Amino acid sequence: MGQYNFIPIQREQDLLLPPSLRDWLPEQDLAWFIIDAVSQMNLKPFYARYRNDGWGNAAYDPEMMVSLLLYAYCLGVRSSREIERHCERDIAFRVITANQRPDHTTIARFRQANEKELSALFTEVLRLCTEAGLVKVGLVALDGTKVKANASLGANRTYAWLEKTVKKMLEEAAIKDEEEDQLYGSDKRGDELPEELQDRGKRLARLKEAKDRLEQEAEEAASIQAQKIKEREEEERESGKKKRGRKPKQPDEKPQTESKANMTDPQSRIMKTRTGYVQGYNAQAVVTEEQIIVAADVTQAEIDKQQLHPMLEQAQAELSEAGIKDKIGTALQDAGYWSENNILKADLEGPELLIATTKDWKQRKILREKDPPRGRIPKGLSTMERMERKLRTKRGWALYKRRGYIVEPIFGQIKDIRGCDRFMRRGHVAVQSEWRLIAATHNLLKLWRSGKWTWT
């Protein structure tokens, strides 16, 4: 009978020498890069939350926790429980944590407690990219993508249902309060109540939040509508003529009975996509030709039109913080950002805009079929006609064609390759922080692959 010559498997044998973590991963591994990158960042805001007198229970070092989250997000690992499992099983994660194993509760609490600080890491990473020479702002592209909320469409309820249910639960609560006063006494806090009753109170709070959100939106819409009516009346009074077109309806400050709010994440919205409707948010990004994200934000608005100038202003501010004083030269946008007001505002204070005036496939068809214009710009052209003419020029068409190459692959990389097609957190502020962290790790990956970082 033959004898195999295998390396012995001795899982119970203790290590004879203390292992070096440097032997666990090659020097060019992403984990070492993340550790070195974090060492270059300003983490003082994180440390400000901790006492420095040596008292109290020992906590995990914020530098390690930040490195852990950045590395996990680079891989598309965002669930705190999944991160915990990787800390137990994955060598790179154990290198990041120095063989420590924070549990999912600790990870979740750190992320929640440092929401603002984690969001600010976007600027820190952008600074590192700037120092590496990866950020040029002569040409940028702006776009938005719908990202699913951590909530389902099935969790939406109408205002009529919410109003009825909240009223019913408040009446039941009043009866229950009276019963409890008789049973426990009016001076008791009610901590002795069964858990199911406490959960009922939490549900009522969510219902009221959803109801209040619909009422607030209705009030804001009514205010905007009232302003439109006022402006129309003033124009008619000044001109002495009735304006053409349908007169705006009188505002109604109460929500429509069929208006809907989500019970799981009341701040998310029902949004239309190319493939149907999702419960989600509108994630925005301003991107350079080198596919570096220079501004990232999340809005609850389904349409992009109102996001143009706020995003460009944010991009300029982020660039300034990162050490770039140059102004954005030209910004490319699809038809979702088109409005005459956007153009007029840009003419006064912003970069040059190239915005499609219709859907991209229609715009491309127009640009292919029509000859480029020559000579001086004719007088009397409307704002839209001027933009269409600009897009038809050789320079305009050459620039606009680059929009799709610049910004659209970014969303593909984030959503399809890294699996970040749904937010893990809930609430507008929380998903804003999460999106900026996702954008920051996108830039970190670009920096790592470039090999151009300057620190040693």
Would you check if there is a residue in region 306-313 being in contact with a helix residue (DSSP H, G or I) (Cβ under 9 Å, 6 or more places away or on another chain) and of a type in the set (Asp, Glu)?
no
Residue hits (region 40-62; at pLDDT 85 or above and among the charged types (D, E, K, R)) are LYS44, ARG49, ASP61
Condition set among the polar types (S, T, N, Q) and either in a loop (DSSP other than H, G, I, E, B) or touching a Cys at 6+ places or on another chain (Cβ under 9 Å) (or both), scope region 21-66, selection surrounded by the fewest Cβ atoms within 10 Å (Cβ to Cβ): answer is ASN57
Q) In this structure, does LEU332 turn out to be in a strand (DSSP E or B) and buried (at least 21 other Cβ atoms within 10 Å of the Cβ)? A) yes
Of the residues in region 402-453, those that are farther than 22 Å from GLU124 by Cα and hydroxyl-bearing (Ser, Thr, Tyr) come to TYR405
Output for Cβ contacts, cut-off 9 Å, separation at least six or different chains, first residue at positive phi in region 80-103, second surrounded by 13 or more Cβ atoms within 10 Å (Cβ to Cβ) and among the aliphatic types (A, V, I, L, M), reads ALA98/LEU21; ALA98/MET64; ASN99/LEU21
* **So LEU69, is it outside the structural domain of VAL38 (by TED's automatic domain parsing) and crowded, with 17+ Cβ neighbours inside 10 Å** => no
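Residues are listed down the side, and each one gets a yes or a no for (1) among the aromatic types (Phe, Trp, Tyr); (2) in a loop (DSSP other than H, G, I, E, B); (3) touching a strand residue (DSSP E or B) at 6+ places or on another chain (Cβ under 7 Å):
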residue: ARG386; (1), (2), (3): no, no, no
residue: MET424; (1), (2), (3): no, yes, no
residue: GLN432; (1), (2), (3): no, no, yes
residue: ARG436; (1), (2), (3): no, no, yes
residue: LEU447; (1), (2), (3): no, no, no
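Can you give me the ranges of the strands (runs of 3 or more DSSP E) entirely in region 239-323 with at least 1 residues that are modelled with pLDDT under 70, surrounded by 14 or more Cβ atoms within 10 Å (Cβ to Cβ) and of a type in the set (A, V, I, L, M)? Break it down stepwise before answering.
Values: elements: 260-262, 269-273, 276-288, 293-299.
Where strands (runs of 3 or more DSSP E) fall fully within region 239-323 and carry at least 1 residues being modelled with pLDDT under 70, surrounded by 14 or more Cβ atoms within 10 Å (Cβ to Cβ) and of a type in the set (A, V, I, L, M), they are 260-262.
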Return a yes/no flag: does region 111-134 have any residue that is in contact with a Leu (Cβ under 7 Å, 6 or more places away or on another chain), over 30 Å from THR273 (Cα atoms) and not in a helix (DSSP H, G or I). yes
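Quick grid of which residues meet (1) more than 20 Å from ALA141 (Cα to Cα); (2) buried (at least 18 other Cβ atoms within 10 Å of the Cβ); (3) at pLDDT 95 or above:
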position: ARG395; (1), (2), (3): no, no, no
position: TYR400; (1), (2), (3): no, yes, no
position: GLY404; (1), (2), (3): no, no, no
position: ARG422; (1), (2), (3): yes, no, no
position: VAL429; (1), (2), (3): yes, no, no
position: HIS442; (1), (2), (3): no, yes, yes
position: LEU447; (1), (2), (3): no, yes, yes
position: LYS452; (1), (2), (3): yes, no, no
position: TRP455; (1), (2), (3): yes, no, no
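The values are calculated or read from the model by the stated rules, or taken from the named source; none is laboratory data. Just so we're clear, the structure is a prediction, and the values are computed from it rather than from any experiment. Because the Cβ atoms are built from the backbone with ideal geometry, glycine has one as well, and the counts that use them run over all protein chains shown.
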